[in-house]
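Notes to accompany the following structure.
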Amino acid sequence: MTAWSFHPGPAIFGGSDAAARIADVLPQDGPCLFVTDKGVMSLGLANRWIAALEDEGHRLVVFDAVEADPSETTLLAAVEAGKIAGVSKVVGFGGGSPMDVAKLAAYLIGSGDDVDDIWGVERATGQALPLALVPTTAGTGSEATPVAVITCVGDEKRGVNARALVAAGTALDPDLTIGKPRALTAATGIDAMVHAIEAYTSAHKKNPVSDLYAREALHLLGGNLLLACEEPDNRKARGAMLLGAHYAGIAFANAPVAGVHALAYPLGGIHHLPHGLSNALMLRPVLEHNRAAANELYAELAPILCPDCEDEGSQSLTARLIEWLGELVVASGLEPRLRDHGIARDDIPMLAREAMKQQRLLVNNPCPIEEEDAARLYEAAW
């Protein structure tokens, strides 16, 4: 057997009482930096959690200035707020953006490192502050991963991938996702499905355990995404989506994502499309590009989403998988073309050039994506 390794990620606390239990992973001494965004605060989603943490003896310093696709400026402001307050631990509460800022803030405050010295893979080797993460959407899986992504100067998305960013604990409470808008549910859910698919077909570090998580993630997500879209208060569907997104996060934390994400990042960084939507737009073109190289693996995934196609050949199974995913994007209510979101055809050469900067992701794709390939794939998505 080829050598492989697997990291299980943070401790998981599930259910509506997880707020009190997650406090157990945080030290009692010193203030706690609570990283979130103004939308979460205005909806009152954090109130119960803040009260529960304070009841457990934690004094919170709330930083709620995180925006979508958070900037390096925002990250450094969070770090500064934590340093001024002398915090000894960090909680990230919200979607992927607050959690990514919390992960990097915990590391930068704890280690004293400069952010420019840690971009890339396993360059953050210092000691982070204790960290807990609480997702309020079912999509990014950031609570499960050692990855954080920040938008830097020139709208370039840069990432840190290092074990030092893994949280001590995460809380999965479906009540936090109840009633989320259809478009958000669809985009974040498809984002999670992309995590699972790309982990299963990753050219590097794919392993039997990450495969198990990826397959179960697809089962949960594929079986519940439309139900969660159509019945936003369905707690069972929301819980399945939240767990599926977490499983997908564990999968891609061990077997990294690839071409779909690489081509999605310029759409978010430059055109400010939501990350999940960007992935949904590029999913079908990239899977078609990978079809020959990943045919057998796609065929293995197809029956999870299309149970009636088990007896077909691998080529047919792969075609069914790609078709099913394309139909899912439309059925979820997302507009499926780049032009539907204000992206001009003339932007394609620039998008292709920017995608080539995501080599840390492109190397994981089942087959190469060169600049001319990227341009062709954006054209197919347009």
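Any read-out appearing in this document is the output of simple, stated calculations on the displayed coordinates, not a laboratory observation. Remember, predicted model here, so these are calculated numbers, not experimental data. FYI the Cβ positions are ideal-geometry reconstructions off the backbone, even for glycines, and counts take in every protein chain you see.
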Neighbourhood charge, 13 Å Cβ-Cβ cut-off, centred on P266 and excluding it, Lys, Arg +1 and Asp, Glu -1: -2
Partnerless Cys - the chain, beta-carbon criterion under 4.7 Å: C32, C152, C229, C367
222 nm mean residue ellipticity, helices alone, for the chain (DSSP H n ≥ 4; -39,500 (n - 2.57); rounded to 500): -16500 deg cm²/dmol
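With 28 Å as the limit, write out which pairs from K157/K205; K157/K236; K83/K357 have Cα-Cα distances beyond it, or answer none. Before the final figure, lay out the partial values.
Values: K157/K205 23 Å; K157/K236 35 Å; K83/K357 32 Å.
The answer is K157/K236; K83/K357.
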Peptide ranges 8-20, 161-173, 284-296, 113-125 listed from the most packed, as the mean C-beta count within 10 angstrom indicates: 161-173, 284-296, 8-20, 113-125
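Looking only at the chain, where both bridge partners belong to it, what percent of the DSSP beta bridges are antiparallel (to the nearest 5)?
Details: 6 of 28 bridges.
Taking every DSSP beta bridge within the chain, about 20 percent pair in antiparallel fashion.
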Mean Kyte hydropathy of -0.5 or more with a Cα span along the axis of at least 30 Å, helices from DSSP in the chain: 208-230
Cα centre as origin, Lys/Arg/Asp/Glu Cβ charges: the range 179-381 dipole, Debye: 640 debye
Kirkwood hydrodynamic radius of the range 179-381, from inverse mean 1/r over distinct Cα pairs, in Å: 16.7 Å
Contact order normalised by residue count of the chain, Cα under 8 Å, 6+ apart, percent: 15 percent
Relative counts (whole %) of C-alpha pair distances in the chain, using bins that are 10 Å wide: 5, 25, 35, 25, 8, 1, 0
Alpha-carbon Debye profile of the range 72-212, log10 I(q)/I(0) at 0.10, 0.12, 0.16, 0.21 Å⁻¹: -0.35, -0.51, -0.90, -1.35
Mean Cα-pair separation over length for the range 11-176, i.e. relative contact order, pairs under 8 Å, 6 or more apart, %: 28 percent
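Can you give the charge dipole size of the range 11-176 about its Cα centre, rounded to the nearest 20 debye, using +1 on the beta carbon of Lys and Arg and -1 on the beta carbon of Asp and Glu? The partial results should precede the final answer.
Numbers: 11 positive and 23 negative charges, 42 e Å.
Dipole size: approximately 200 debye.
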Proximal charge balance of V35 [Cβ under 11 Å; K/R count +1, D/E count -1]: -2
Gain in span if fully extended, E371 to E231, counting 0.36 nm per residue against the direct Cα distance: 46.3 nm
Vicinal HN-Hα couplings computed from phi for the range 57-67 (Karplus, 6.51 cos²θ - 1.76 cosθ + 1.60; Hz; Gly/Pro x): x, 9, 8, 9, 10, 8, 10, 10, 9, 6, 9
